[in-house]
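Encoded as structure tokens, the structure appears first; notes follow it.
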């Protein structure tokens with residue numbers, strides 16, 4: 001089947017198998033490997049992307065379901081003026097150790113701040129509930145999101 | 001993990017979805033948010049030959065006040081249930097349960113109809129709909145029929161829908177201003193409930209209590225309900241929480257631990273009412 005999916009502002013038309021998962025469409029078909037595959041069971045959140053602005057786990061979405069919609073991946077966050085506030089927050093506050101969960105954390109945090117620009121610490125933890133950090137570096141991840149909220153928010 | 005091959009059809013209307021489901025017989029499954037079906041397909045626990053994608057049928061995503069009943073379209077997302085003002089005012093137990101499902105990403109995609117039709121015995125919304133005495137509306141080749149929530153769950157991940165039928169709406173008696181409680185114990189933040197309790201104070205007095213994770217289907221804790229109706233103190237009634245249940249004994253928890261949890265959570269729910 002043919003799908004047309006806009007990724008980070010650019011339209012891509014491809015012939016795909018219906019069973020192709022969105023995360024593999026991004027990584028294997030478009031070579032956008034910033035989106036990671038972690039657990040592959042919609043638990044860990046490493047594959048989080050924005051689908052029409054909503055955070056989703058792209059290992060549990062068919063590329064076919066994204067046909068005609070807009071996807072934002074971590075590659076689409078930085079603008080000409082540099083990193084997005086959430087990305088910069090992770091840099092300023094050392095919100096990563098090994099970095100594997102980071103793209104998913106950054107996307108989930110971006111969706112959270114888009115909806116709630118001034119979250120409490122508990123709201124940040126709730127908003128990132130679907131993202132696991134295998135280094136258990138949650139405290140600095142929360143601080144990174146707080147930094148982002150105070151310095152420009154979702155973008 | 002990659003699902004087995006299937007053909008994909010996107011339905012443009014409920015009629016079209018029903019036609020496709022009938023045409024392919026048992027080989028076809030409707031796809032809503034996909035957050036129960038796709039994981040099952042990745043594990044090859046489900047291998048439908050055809051997926052009929054109903055995910056874009058906006059006509060099935062709504063919350064309406066309809067006299068003393070609330071009608072919820074089957075494709076309404078958990079996220080919408082969390083935030084919808086009619087749900088918050090009229091059936092707040094449903095919002096409380098929706099808020100406890102998985103995580104924000106899952107709640108963005110998951111739908112009430114998908115969750116109920118999947119019929120996982122630990123599903124949060126199943127407990128809420130059962131405690132609210134909901135009625136599920138199915139459309140199929142033979143027309144429309146209403147299935148009470150008490151009759152809908154027929155076994156572990158099995159439901160009362162006939163082949164070719166599509167769950168389209170959930171009808172709930174409005175319960176504005178009446179107290180409710182949703183209690184759930186999970187091992188990790190985003191996990192399914194090991195055991196959960198949905199409790200709703202009823203209009204004519206008494207409390208409806210549903211348990212999740214305590215057997216092959218969500219169940220009403222009728223022994224607790226009857227003890228409360230007979231005037232037993234809450235602590236005494238709660239001791240009957242697991243009466244008649246056959247809780248699973250698995251890697252997540254032993255049956256005896258689930259029995260213990262049921263009593264503790266029913267006690268908490270009754271205290272919160």
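Just so you know, all these numbers are worked out from the coordinates, no wet-lab data involved. A quick note: this is a predicted structure, and the numbers were derived from the prediction, not measured. Because the Cβ atoms are built from the backbone with ideal geometry, glycine has one as well, and the counts that use them run over all protein chains shown.
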CD proxy, 222 nm, chain A: helix-only mean residue ellipticity via -39,500 (n - 2.57) per DSSP H run with n ≥ 4, per residue, nearest 500, stands at -8000 deg cm²/dmol
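Test of understanding: ordering A:120, A:33, A:60 by Cβ neighbours within 10 Å, fewest first, what list do you get?
Ascending Cβ contact count within 10 Å gives the list A:120, A:33, A:60.
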With -39,500 (n - 2.57) per DSSP H segment of 4 or more residues and division by the full residue count of chain B, the 222 nm estimate, nearest 500 deg cm²/dmol, is -9000 deg cm²/dmol
When chain B is treated as a Gaussian network with springs between alpha carbons less than 10 Å apart, the largest mean-square fluctuation among B:113, B:213, B:102 is found at B:102
Taking max minus min of the Cα coordinates of region A:1-120 on each principal axis, largest first, gives extents in Å of 44, 30, 24
For region B:59-173 (alpha-carbon point model, no solvent) the Debye-based log₁₀ I(q)/I(0) at q = 0.12, 0.16, 0.20 Å⁻¹ works out to -0.36, -0.65, -1.05
1/(1 + (r/R0)^6) with r = Cβ-Cβ of residue B:243 and residue A:10, R0 = 56 Å, i.e. FRET efficiency to nearest 0.05, evaluates to 0.40
Expressed in nanometres to one decimal, the distance between label points 7 Å along Cα→Cβ at residue B:257 and residue B:83 is 3.6
Out of A:124, A:141, A:16, a Gaussian network model of chain A with alpha-carbon springs under 10 Å gives the largest mean-square fluctuation to A:16
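How big, on average over all directions, is the shadow cast by the Cα convex hull of region B:7-52, in nm²?
It is 3.0 nm².
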In this structure, the FRET efficiency calculated for residue B:56 and residue B:226 from their beta-carbon separation, with R0 = 45 Å, to the nearest 0.05, is 0.50
For the protein assembly as shown, the Cα-Cα pair-distance distribution in 10 Å bins from 0, as whole percents, is 5, 21, 29, 26, 15, 4, 0, 0
For chain A, longest principal axis from Cα atoms; helix A:102-115 axis from its Cα atoms; angle between them, nearest 10 degrees, is 80
Neighbour-count ranking for A:135, A:98 (other C-beta within 10 angstrom, fewest to most) reads A:98, A:135
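Where Rh is the Kirkwood radius over the Cα pairs of region A:85-150, the temperature 10 °C and the viscosity 1.306 mPa s, what D in µm²/s does Stokes-Einstein return?
D = 142 µm²/s.
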Honestly region B:5-125 on the Cα gyration tensor test (a ≥ b ≥ c root eigenvalues; a/c under 1.5 rounded, otherwise a/b vs b/c for prolate or oblate) is just oblate
Rounded to 0.05, the calculated FRET efficiency for the beta carbons of residue A:70 and residue B:23 at R₀ = 35 Å is 0.65
Quick calc: nm separation of the 7 Å Cα→Cβ label points for residue B:272 and residue B:68 -> 2.7
As a Kirkwood estimate from alpha-carbon pairs, chain B has a hydrodynamic radius in angstrom of 18.8
So, with points 7 Å from each Cα along the Cβ direction, the residue A:33-residue B:264 label distance in nm works out to 4.6
For chain A, the longest principal axis of the Cα atoms and the Cα long axis of helix A:138-150 enclose an angle in degrees, to the nearest 10, of 90
Extension length gain for residue B:13 and residue B:202 (0.36 nm per residue less Cα distance), in nm, is 64.4 nm
Region A:85-150: relative contact order from alpha carbon pairs under 8 Å, six or more residues apart, as a whole percent, is 57
Footprinting proxy, B:258, B:268, A:19: sorted fewest to most Cβ within 10 Å, the residues are B:268, A:19, B:258
Per residue of A:58-64, other chain Cβ atoms within 10 Å number on average 6
So the angle from the long Cα axis of helix B:255-272 to the longest Cα principal axis of chain B, reported in degrees to the nearest 10, equals 70
Computed over chain A, the relative contact order (Cα-Cα under 8 Å, seq sep at least six) in percent reads 25
Expressed as a whole number, the average count of other chain Cβ atoms within 10 Å around the Cβ atoms of A:118-128 is 1
